Amino acid sequence: SPQDAQKKAAAEAALDFLQPGSVVGVGTGSTVNFFIDALAQRKHQFEGAVSSSQASTERLQAHGIEVFDLNNVAELPVYVDGADEINEHLQMVKGGGGALTREKIIAAVADKFVCVVDESKWVGRLGTFPVPVEVIPMARSYVARQIVKLGGDPEWRQGVVTDNGNWILDVHHFDILNAAELERQLNQITGVVTNGLFANRNADVAIVATANGTETRKR
Ligand code: DER
């Protein structure tokens, strides 16, 4: 599909950010899957990877790419990941694929976060896509009540257990005026593990695929 072609183009453009001899941080989702497949052809340009999900780990290993434990990686120059939404400040909503916690951890460690998206993800305002919130299972109802007080409409992503054994609430209809502030408020709710607002640590570069090719946008 045209969207897949855009995802593939954005993913392949991210190869330019690889640093020979370094470990590359790898996110999760269909756009990143194109990046993983492209990495397989450039094994000489990096040492190995750290991964944000079991799904990405398995795809990397299927290509014979070594996957390291993040605790054993001192330096992470680049992290490549997709997003569900990204704005002009390169703030994102992520977590559609359920991997938000490990994605956010690797993003925290990485020097440069390169976000690869098709143009449908580029938005003027965050929050049309429901904001995923990973919660400790026993706290689900309490967290949902607190989210309602913040103006959100939480929906339990039933049947989904994250790689960390937690549950996810997808929060609809947040009126996001200040994404960085709302991210901090969500983090304060006891029982919240991670929320899908990547606003305080945003991307450093966005590679946006359009019908006319890919654009590299910085904040
Ligand atoms: O779950 C995530 O954060 C993924 O990066 C997701 O937001 C992007 O998935 P896609 O590349 O399949 O659209």
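In the context of the full set of protein chains, the range 26-115 has a per residue accessible area of 39 Å² (1.4 Å probe).
For the range 71-137 and the range 162-219, what is the separation of their C-alpha centers, rounded to whole Å? So the two Cα centres are separated by 6 Å. Computed from the Kirkwood radius of its Cα pairs, the Stokes-Einstein diffusion coefficient for the range 166-219 at 20 °C and 1.002 mPa s stands at 158 µm²/s. Dividing the Cα radius of gyration of the range 119-169 by its Kirkwood radius returns 1.04 for Rg/Rh.
Counting DSSP beta bridges with both partners in the chain, what percentage is antiparallel, nearest 5? So the antiparallel bridges amount to about 55 percent of the total.
Summed over all non-identical Cα pairs, the Kirkwood treatment of the range 121-219 gives a radius of 14.6 Å. Available extension along the chain between Ala5 and Arg125 is 40.7 nm, counting 0.36 nm per residue and deducting the alpha carbon span.
By the equivalent-ellipsoid construction on the alpha carbon gyration tensor, the range 77-176 comes out with semi-axes of 24, 18, 11 Å, ordered largest to smallest. Over all projection directions, the Cα-based convex hull of the chain averages an area of 11.6 nm².
For the residue pairs Lys7/Lys104; Lys43/Lys94; Lys43/Lys112; Lys8/Lys94, alpha carbon separations beyond 23 Å are given by Lys43/Lys94.
Spin-label model, Ala62/Glu75: points 7 Å from Cα along the beta carbon direction are separated by 3.2 nm.
Round to the nearest 0.05 the FRET efficiency obtained for Arg219 and Ser141 when R0 = 45 Å and r is the Cβ-Cβ distance. Efficiency, from the Cβ-Cβ distance: 0.75. Cα-based radius of gyration for the range 5-78, normalised by 2.2 N^0.38 Å, reads 0.99. Counting only protein heavy atoms and a 1.4 Å probe, tell me what percentage of the chain's accessible area is made up of carbon and sulfur. Roughly 47 percent, rounded to a whole number. Dimensions of the range 34-138 based on its C-alpha atoms, expressed as ranges along the principal axes with the largest first, amount to 39, 38, 24 Å.
Solvent-accessible surface of the range 125-174, averaged per residue with a 1.4 angstrom probe and all protein chains in place: 53 square angstrom.
The values are calculated or read from the model by the stated rules, or taken from the named source; none is laboratory data. Everything quoted here is computed from the prediction, not taken from an experiment. Backbone-built Cβ (ideal geometry, glycine too); neighbour counts: all protein chains shown. All accessible areas refer to the heavy atoms of the entire protein, side chains included, with ligands and DNA or RNA removed. Shrake-Rupley method; radii C 1.70, N 1.55, O 1.52, S 1.80 Å.
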